[in-house]
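What follows is a single structure, written as structure tokens, with notes after it.
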Amino acid sequence: MSVLSSLEPMRAADALVLPGVRELLACFLGAALISLCGTLAIIRTPGKTGMDAPDGRRKRHEKPVSRLGGGPIFLALMVGALVLLGLGFFELRSLLPVLVSCALMFAVGFMDDLRPLGARVKLLGQIAVSLVLYGMGVSIEVLSNPFGEGGLQLGWWSLPLTVFWLVAIPNIINLIDGMDGLAGGFGMFLTLTLALVGYLGGNSEVMLLSVLMAGALAGFLFFNLPPARIFLGDGGAYLLGFFIAATSLRSSQKGSVIAALLVIIIALGVPILDTFFAILRRAIRGVPIFSADAEHIHHRLILLGYSKGRALLAMYSVCLVLSLVGISILLTKGGALPVAGAVLFLLAVGAARYLGYVKSWTRLREQVRTALARRRRLEHIRAHARALEFDIEHCDTLDAFADLLQDRFQWVGFQPIPGPDKRLLHLPIGPDLLVTLHCPADDFLESDWLVRADAFSTLFERCLERWGSLPAFLLPTRKTAVTPPVTSVAIAQAAARECHEP
């Protein structure tokens, strides 16, 4: 198997049955119908399992929405594959590795949708599923020279590179799944791109499977576009990302399909760029890489004044252009690779400035220094929070601990008494409890206050375990009794000001 080792169409004999336009259209519409009906059934079925409740911070939808949208997509893919298998379009032994591994990856995400598993458990599950697919013979063995003859035999590097590819793509898709219709729409563009790659390589299996997935996503998107009535969830995002990664590696003999590695990387330009920005800003700020925030590209576009529809259309357009750039690599037999690299570089530089991640290239060093200073401040605050956890064990009463906590909070900047110059900040604790904090309203870096407050979330949980209640000055209340926090609007406005600062 090699990347860009062969871009010539393969003989039709390599496929059991070469599909025509009618077969492809039937696959797309059939999968779309199954997915649409399944999604509608979930929406109309009342229940509390797998519901994603708004928190007034990142999750700003008006009411709980189901996270089980991956189920109908999975059903449509499997039913469609089995029907095509029965009609003779596939051989079971060639189809089995992708279907089995996709089912396992979907199960990892779907279980998390039903009940959170934790980032480490999910990562271990993803690695295990990737090893299963590798053990079934799907891997990257050779990286060929895109500009000439020869290639690099990976040897034992084949295992880590294959696992990295199979784990990275699902997580990239999951990371961008923070806006109605975004991950599903991107996935549809990517699977149609992969179908075109299969066509150019003469691989009917990749073409049909990709069209099936595109149809399933189309049916799901009918209810997922703004305002979304159902979410993709981790199950759907992991299934979609793993399907793209696994299908691009499906065969070790068909070099044109393996060339999809580069095509998919280019087509994934926006999600990859978003992931890069997220890792970079979290590393600089000292925030865990897997922690969620509201500063992704789609969040920034909203803060810059885009409506959800316009932001979605803008990101779809960029994804479409990058998909065409990726396809050009196949059509030019690697000749367009430098152009594709230049397009990605210019996109990264332009996005960093336009979206406000870089306020000014001439003041970039100063901006980094400021960010690092904020990181040191946050680390100091976390150290105080950890010290207070030890204090819980040494305080005999809740009142004694409340005095320590109130003194430490004043040092951090939180105030015990509301006032005209204070802003309310609600911090979720557990499934249905909120604590109310007060922070200065005139501080320009409002977005830091949520991060500072999050440093104390574990402390509050320990306090509940010890005394069964929280200090009175935190104003603990049930979520149902609290309206969406004012601080979300304030933080959004602050982030927008940061974006526009020259």
key: Members of 333/359; 48/122; 359/422; 308/359; 63/422 lying beyond 31 Å, as alpha-carbon distances in this model show   = 333/359
remark   = Per the rule of 0.36 nm per residue minus the C-alpha distance, extending residue 123 to residue 368 adds in nm 85.2 nm
query = Tell me, what is the FRET efficiency for residue 390 and residue 469 to the nearest 0.05, using R0 = 25 angstrom and their Cβ-Cβ distance as r?
reply = 0.80
ask   = Want the number for residue 41 to residue 310: 0.36 nm per residue separation, take away the alpha-carbon distance, what's left?
value = 93.9 nm
ask   = Taking the mean number of other Cβ atoms within 10 Å as a proxy for protection, how do you rank 235-243, 193-201, 335-343 from highest to lowest?
value = 235-243, 193-201, 335-343
ask   = Quick one: if the Förster radius is 51 Å, what FRET efficiency do residue 360 and residue 85 give, using the C-beta to C-beta distance and rounding to 0.05?
value = 0.35
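Values quoted throughout were computed directly from the atomic coordinates according to the rules given, and no laboratory measurement underlies them. Just so it is clear, the model here is predicted, and its values are computed rather than measured. Neighbour counts are summed over all protein chains in view; Cβ atoms, including those assigned to glycine, are modelled from backbone coordinates with ideal geometry.
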